[in-house]
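Participant: Please find one structure pasted underneath; my questions will follow.
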Amino acid sequence: MTIATLFILLFLAIFLGMPIAFALGFSSVTTILLFSNDSLGSIAIKLFEAVSHHYTLLAIPFFILSSAFLSTGGVARRLINFATDVVGHVKGGLAMASVMACMLFAAVSGSSPATVAAIGSITIAGMVRQGYPQSYAAGAIANAGTLGILIPPSIVMLVYSAATEVSAAKMFMAGLIPGLLMGGILMVAIYVSARYMKLPAQPFPGFGQLFRSGGKALAGLLLILLVLGTIYGGVASPTEAAAIAAIYAWLVAVVGYRDMGPLKDDPWKRPGESLGGALARSLWQVPLAIVGSFTNREVRGVVLDGAKVSMMLLFIIANAMLFAHVLTTERIPHHIAEVIVSWGLPAWGFLIVVNLLLLAAGNFMEPSAILLIMAPILFPIAMQLGIDPIHLGIIMVVNMEIGMLTPPVGLNLFVTAGITGRSIGWVIKACLPWLCLLLGFLILITYVPAISLWLPNLLS
Amino acid sequence: MIVRWLNKLEETIFCALLVAMVFLVCVEVFYRFVLAQGISWAQEGSLYLSGWFVLFGVSWGVKHGAHIGVDVLVKKLPRGGRRIVTLIALAVCLTYCTLILVGSYQYLQLTHMIGIELQDIPIPKWQATLILPVGMALLILRFLELGWRVIKGDTDSFGFSDEGQESMRLAEQRDPEDYDKEGRP
């Protein structure tokens, strides 16, 4: 009865078109009032505590802010140039470079659709110009873009750890190898098909050029090292690493890259300026720019964007915690787990069910929302079946990746259609061969836990 | 004029709260590692900043269509039906906000009576939690405003944020002509 009320109200509210946060909150509050003795006051304070008593949750707004600073066209361009210089000289090199650029940009920005838009709008046209079929280029980019939520730092992983209280640091470490593996699989597939399709290679640009473009991309890439380094060096918790990353990203965007802010379009060294002159100019310009960026319109716009996304996500999480509270006090997952165990469903069978359920949910909801609703239900069941919590998290994240590529809500499909000017149907067809790779990868991740667990176990 | 100014003020306040959170956490790390002495109130401070940030901002999100939701089904309805469904959904949202508002009032009254303070910061707890009723009241205002716009026929849905649409901004900055022969931008 309680279960039915909770879920019927939730889905009714969601399909009425209510914002997910309010749908979660309303269904939970109503269920609590109807079926338990909790007072309204205790519910209200639970909502407040959800956003003001979880230190790890603060990592979410901080990472969103840092990615807002570095999700710019300028950063995408630098990463693409670097990736092209690294792998461009191999057969099918431009496509491989695009995949590599997607992985790097995804790691910095943490958002899949943003990765497809920023990298795809440059590289798809570039590949077509080089004689690649457009559908080949578009499919590769749309798929590589999904790696954003698997390669750390990832906001979806933080949401999973918020929902299940699994260590975010361990989740980040667990995502690294699967992320690199999937990127590797895509690149091998490109190399094989490029040999077969006789796709062109670039001339090798020489080590000088490689180091130059590497240097330019480095400032952005250092963010990943900074985050992982401070967390695993024991200097900072994920929250603190995220705050440092936000400050670092701000300084790189405003002072280093000058993509925005008071120093925009004013290079470190103006043409014809002597080195000493440039240094002297920086000496007063840089502190001025740091102070000036607080009133700068562009910088404020980026902060507003980051704040907007963070507030909405944190409010959903707060309400999802009420929802999870109802689930645990009513012991709903526990009951489901008992039923499943009494069926004699083995762990691998349960994981198939999990995959199917998440793939279906991924078709019409946004990744963070799905995780917040499904994780509190699936997590206790998985624990009883002896599945590792971190492994479950990675499975869920890979499922969410696939959800980005399946209609009707697959965000990457829409973005790819937008940047290529083709129809959704065309994009779906273009993605299909690559999607099969991703599905194969999901099976691999699901049934070989060592891929996800080896690194976190090694480090702990 | 005043409305635009208030809007700007609202944005400035929650952006400032976010920036303050970032700096507070960073300064704490600096103190702990460089000066070998942490700031005792930093963690609680940043957590309460986060609470104020979120609860102050959600009402702004209603006005600016920043919330996330599923509108696949609602979009399929004819315009009249869509308006009715949206009004029902708004009524449910209002119920929720009112319930939390009443609950927070009860809780605040209780903590005010007992007179407890925060753990590390000498501020009465009811003052630190004040944003909960304030945020809910602001939400109610925004939902009523949205409801009025739906009744007048200016809009017929919540207007959810679309991450895909927003990402396109990153793509629109370029046109496909600025690549050289090697496909470099």
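Here's the yes/no breakdown for (1) more than 10 Å from chain A (Cβ to nearest Cβ); (2) open to solvent by 20 Å² or more (accessible area, probe 1.4 Å):
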residue	(1), (2)
B:Gly61	no, no
B:Ile68	no, yes
B:Lys76	yes, yes
B:Arg82	no, yes
B:Ile88	no, yes
B:Cys93	no, no
B:Leu101	no, yes
B:His112	yes, yes
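Participant: Run down A:Ala23, A:Ala68, A:Ala83 and say which single residue is facing chain B (nearest Cβ under 10 Å), part of a helix (DSSP H, G or I) and buried (at least 23 other Cβ atoms within 10 Å of the Cβ).
Facilitator: Working: A:Ala68 fails: facing chain B (nearest Cβ under 10 Å); A:Ala83 fails: facing chain B (nearest Cβ under 10 Å).
Being facing chain B (nearest Cβ under 10 Å), part of a helix (DSSP H, G or I) and buried (at least 23 other Cβ atoms within 10 Å of the Cβ) holds for just one of A:Ala23, A:Ala68, A:Ala83, which is A:Ala23.
Participant: Based on this model, can you work out whether A:Thr420 counts as surrounded by 14 or more Cβ atoms within 10 Å (Cβ to Cβ) and either among the basic types (Lys, Arg) or within 14 Å of chain B (Cβ to nearest Cβ) (or both)? Spell out the reasoning first.
Facilitator: Details: surrounded by 14 or more Cβ atoms within 10 Å (Cβ to Cβ): yes; either among the basic types (Lys, Arg) or within 14 Å of chain B (Cβ to nearest Cβ) (or both): yes.
So A:Thr420 fits the description; yes.
Participant: Further question: Give the residue, chosen from A:Ala236, A:Ala289, A:Ala278, that is within 14 Å of chain B (Cβ to nearest Cβ) and either under 30 Å from B:Val58 (Cβ atoms) or assigned to a helix (DSSP H, G or I) (or both).
Facilitator: Working: A:Ala289 fails: within 14 Å of chain B (Cβ to nearest Cβ); A:Ala278 fails: within 14 Å of chain B (Cβ to nearest Cβ).
It is A:Ala236.
Participant: How many of the residues making up the stretch A:1-20 are open to solvent by less than 10 Å² (accessible area, probe 1.4 Å) and either touching a Pro at 6+ places or on another chain (Cβ under 8 Å) or facing chain B (nearest Cβ under 10 Å) (or both)? Steps first, please.
Facilitator: The first filter runs over the stretch A:1-20 and keeps only residues open to solvent by less than 10 Å² (accessible area, probe 1.4 Å), leaving A:6, A:10, A:13-14, A:17-20.
In the following step, the residues that additionally are either touching a Pro at 6+ places or on another chain (Cβ under 8 Å) or facing chain B (nearest Cβ under 10 Å) (or both) were identified as A:13-14, A:17-20.
Of the residues in the stretch A:1-20, 6 are open to solvent by less than 10 Å² (accessible area, probe 1.4 Å) and either touching a Pro at 6+ places or on another chain (Cβ under 8 Å) or facing chain B (nearest Cβ under 10 Å) (or both).
Participant: Quick one: would you say A:Leu57 is of a type outside the set (Phe, Trp, Tyr), farther than 30 Å from A:Val254 by Cα and at the interface with another protein chain (Cβ under 10 Å from one of its Cβ atoms)?
Facilitator: no
Participant: Based on what the data block shows, is A:Asp266 open to solvent by less than 70 Å² (accessible area, probe 1.4 Å), away from every other protein chain (no Cβ under 12 Å) and in a loop (DSSP other than H, G, I, E, B)? Explain how you work it out, then say what you get.
Facilitator: Details: open to solvent by less than 70 Å² (accessible area, probe 1.4 Å): yes; away from every other protein chain (no Cβ under 12 Å): yes; in a loop (DSSP other than H, G, I, E, B): yes.
Here the answer is yes, as A:Asp266 does meet what is asked.
Participant: Oh, and also: Going by what's in this entry, would A:Ile316 be described as crowded, with 21+ Cβ neighbours inside 10 Å, in contact with a Leu (Cβ under 9 Å, 6 or more places away or on another chain) and within 13 Å of chain B (Cβ to nearest Cβ)?
Facilitator: Spelling it out, A:Ile316 is indeed crowded, with 21+ Cβ neighbours inside 10 Å, in contact with a Leu (Cβ under 9 Å, 6 or more places away or on another chain) and within 13 Å of chain B (Cβ to nearest Cβ).
Participant: Which of the residues spanning the stretch A:218-270 are of a type in the set (Phe, Trp, Tyr) and under 20 Å from B:Cys26 (Cα atoms)? Break it down into steps so the answer makes sense when it comes.
Facilitator: Of the stretch A:218-270, the ones of a type in the set (Phe, Trp, Tyr) are A:232, A:248, A:250, A:257, A:268.
Residues satisfying the conditions are A:Tyr232, A:Tyr248, A:Trp250.
Participant: Shifting gears a bit: Would you mind telling me which numbered condition in (1) among the acidic types (Asp, Glu); (2) within 14 Å of another protein chain (Cβ to nearest Cβ); (3) free of Cβ contacts under 8 Å to residues at least 60 places away in the same chain A:Asp305 fails?
Facilitator: (3)
Participant: Scan the stretch B:6-26 for residues that are over 23 Å from B:Lys63 (Cβ atoms) and open to solvent by 60 Å² or more (accessible area, probe 1.4 Å) and report the count.
Facilitator: Selection size over the stretch B:6-26: 1.
Participant: Check whether at least one residue in the stretch B:118-129 is under 19 Å from the mean Cα position of the chain (by Cα) and open to solvent by less than 60 Å² (accessible area, probe 1.4 Å), and report yes or no.
Facilitator: So in the stretch B:118-129, the residues under 19 Å from the mean Cα position of the chain (by Cα) come out as B:128-129.
Of the ones still in play, those that are also open to solvent by less than 60 Å² (accessible area, probe 1.4 Å) are B:128-129.
There is at least one residue in the stretch B:118-129 that is under 19 Å from the mean Cα position of the chain (by Cα) and open to solvent by less than 60 Å² (accessible area, probe 1.4 Å).
Participant: OK, next. Out of (1) of a type outside the set (A, V, I, L, M); (2) part of a loop (DSSP other than H, G, I, E, B); (3) under 21 Å from A:Ala242 (Cβ atoms), what's the single condition that is false for B:Cys26?
Facilitator: Single failed check for B:Cys26: (2).
Participant: Go through the stretch A:26-50 and give me each residue that's in a helix (DSSP H, G or I), at the interface with another protein chain (Cβ under 9 Å from one of its Cβ atoms) and open to solvent by 10 Å² or more (accessible area, probe 1.4 Å).
Facilitator: Within the stretch A:26-50, A:Phe26, A:Thr30, A:Leu33, A:Leu40, A:Ser42, A:Ile45, A:Glu49 qualify.
Participant: What pairs come up if the first residue lies in the stretch B:22-43 and is under 17 Å from A:Thr56 (Cα atoms), the second is of a type in the set (D, E, K, R) and surrounded by 18 or more Cβ atoms within 10 Å (Cβ to Cβ), and their beta carbons are under 6 Å apart, counting only those six or more places apart or on different chains?
Facilitator: B:Val25/A:Glu240; B:Val29/A:Glu240; B:Ala42/B:Glu28
Participant: Here is a check on your reading of the model: is A:Tyr132 touching a residue at least 12 places away in the same chain (Cβ under 8 Å), aromatic (Phe, Trp, Tyr) and open to solvent by 30 Å² or more (accessible area, probe 1.4 Å)? I'd like the intermediate steps shown before the answer.
Facilitator: Values: touching a residue at least 12 places away in the same chain (Cβ under 8 Å): yes; aromatic (Phe, Trp, Tyr): yes; open to solvent by 30 Å² or more (accessible area, probe 1.4 Å): no.
No, not satisfied.
To keep it simple, each residue is scored yes or no on (1) in contact with a strand residue (DSSP E or B) (Cβ under 8 Å, 6 or more places away or on another chain); (2) in contact (Cβ under 8 Å) with a residue 12 or more places away in the chain.
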{"residue": "B:Lys63", "(1), (2)": "no, yes"}
{"residue": "B:Val74", "(1), (2)": "no, yes"}
{"residue": "B:Val85", "(1), (2)": "no, no"}
{"residue": "B:Cys93", "(1), (2)": "yes, yes"}
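Participant: Would you mind finding the one in A:Phe350, A:Phe364 that is among the aromatic types (Phe, Trp, Tyr), open to solvent by less than 20 Å² (accessible area, probe 1.4 Å) and either more than 14 Å from chain B (Cβ to nearest Cβ) or not in a helix (DSSP H, G or I) (or both)? Before you say what the answer is, go through the steps one by one.
Facilitator: Numbers: A:Phe364 fails: open to solvent by less than 20 Å² (accessible area, probe 1.4 Å).
Answer to the check: A:Phe350.
Participant: A further question follows. Could you tell me whether any residue of the stretch A:396-405 is away from chain B (no Cβ under 14 Å), of a type outside the set (A, V, I, L, M, F, W, C), closer than 27 Å to A:Ile60 by Cα and open to solvent by 10 Å² or more (accessible area, probe 1.4 Å)?
Facilitator: Going residue by residue through the stretch A:396-405, those that are away from chain B (no Cβ under 14 Å) are A:396-399, A:401-402.
Still in the list and also of a type outside the set (A, V, I, L, M, F, W, C): A:399, A:401.
From what's left, closer than 27 Å to A:Ile60 by Cα: A:399, A:401.
If we keep only those that are open to solvent by 10 Å² or more (accessible area, probe 1.4 Å) as well, we get none.
There is no residue in the stretch A:396-405 that is away from chain B (no Cβ under 14 Å), of a type outside the set (A, V, I, L, M, F, W, C), closer than 27 Å to A:Ile60 by Cα and open to solvent by 10 Å² or more (accessible area, probe 1.4 Å).
Participant: Within the group A:Ala243, A:Ala174, A:Ala189, A:Ala194, which residue is over 22 Å from A:Val99 (Cβ atoms), in a helix (DSSP H, G or I) and at pLDDT 80 or above? Spell out the reasoning first.
Facilitator: Numbers: A:Ala174 fails: over 22 Å from A:Val99 (Cβ atoms); A:Ala189 fails: over 22 Å from A:Val99 (Cβ atoms); A:Ala194 fails: over 22 Å from A:Val99 (Cβ atoms).
On inspection, the qualifying residue turns out to be A:Ala243.
The values are calculated or read from the model by the stated rules, or taken from the named source; none is laboratory data. Computed from a predicted structure; not experimentally measured. Cβ: placed from backbone, ideal geometry, glycine included. Neighbour counts: every protein chain shown. Ligands, DNA and RNA are excluded from the accessible area calculation, which covers all protein heavy atoms including side chains. Shrake-Rupley method; radii C 1.70, N 1.55, O 1.52, S 1.80 Å.
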